[in-house]
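Please read the structure below before turning to the comments.
The values are calculated or read from the model by the stated rules, or taken from the named source; none is laboratory data. All figures in this text were calculated on a predicted structure; none of them were measured in a lab. We place every Cβ from the backbone using ideal geometry, glycine too, and count neighbours over all the protein chains shown. We work out accessible area using only protein heavy atoms, side chains counted, and drop any ligands, DNA or RNA first. Shrake-Rupley method; radii C 1.70, N 1.55, O 1.52, S 1.80 Å.
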Amino acid sequence: VGDFNNWQPVEMKKQKDGRFAVEVKLAAGTHQYKFIIDGQWATDPENGDVAPNPHGSLNSVAKVS
């Protein structure tokens with residue numbers, strides 16, 4: 001979920017290597033996002049770029065050029 005889709009969940013698909021993935025087209029700019037894992041909101045463990053949100057937690061940040 002992220003600011004790029006009004007925080008609406010998009011289902012990720014399990015890949016052959018066991019990871020989960022989804023392709024999302026993003027416009028150039030800075031985007032905030034999180035994962036929902038078993039009903040719990042989580043930042044991206046592979047992305048240390050984060051920003052505070054109005055809920056008192058952090059969002060992951062992706063920069064697209």
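If you take all other residues with their beta carbon under 11 Å from the beta carbon of GLN32, and give Lys and Arg +1 and Asp and Glu -1, the sum is -1. Among the lysines of the chain, pairs that are 8 or more positions apart or on different chains and have alpha carbons within less than 21 Å of each other number 7.
Among the chymotrypsin sites (Phe, Trp or Tyr not before Pro) found in the chain, those both in a DSSP coil and sparsely packed, with 16 or fewer other Cβ atoms within 10 Å of their Cβ, are TRP7. Across segment 60-65, computed HN-Hα scalar couplings (Karplus, 6.51 cos²θ - 1.76 cosθ + 1.60, θ = phi - 60°) run 6, 10, 10, 10, 10, 10 Hz from first to last residue, x flagging Gly and Pro. Across the accessible surface of the chain, with the other protein chains kept in place and a 1.4 Å probe, carbon and sulfur atoms take up 52 percent. When the trypsin sites (Lys or Arg not before Pro) in the chain are filtered for DSSP coil states and for at most 14 other beta-carbon atoms within 10 Å of their beta-carbon, the remaining sites are LYS16, ARG19, LYS25. The convex hull of the Cα atoms of the chain, projected and averaged over all directions, covers 5.0 nm².
For GLY2, what is the net charge nearby, where nearby means another residue's Cβ is under 15 Å from its Cβ and Lys, Arg count +1, Asp, Glu -1? Before the final figure, lay out the partial values.
Numbers: positive: LYS25, LYS34, LYS63; negative: ASP3, GLU11, GLU23, ASP44, ASP49.
So the environment of GLY2 carries a net charge of -2.
Rounded to the nearest 20 debye, the dipole magnitude of the chain is 160 debye, with +1 charges on Lys and Arg beta carbons, -1 on Asp and Glu beta carbons, and the Cα centre as origin. Taking each residue as 0.36 nm, the span from ASN5 to THR30 lengthens on full extension beyond its C-alpha to C-alpha distance by 7.7 nm.
Using a probe of 1.4 angstrom and keeping all protein chains present, the accessible surface of the chain works out to 79 square angstrom per residue.
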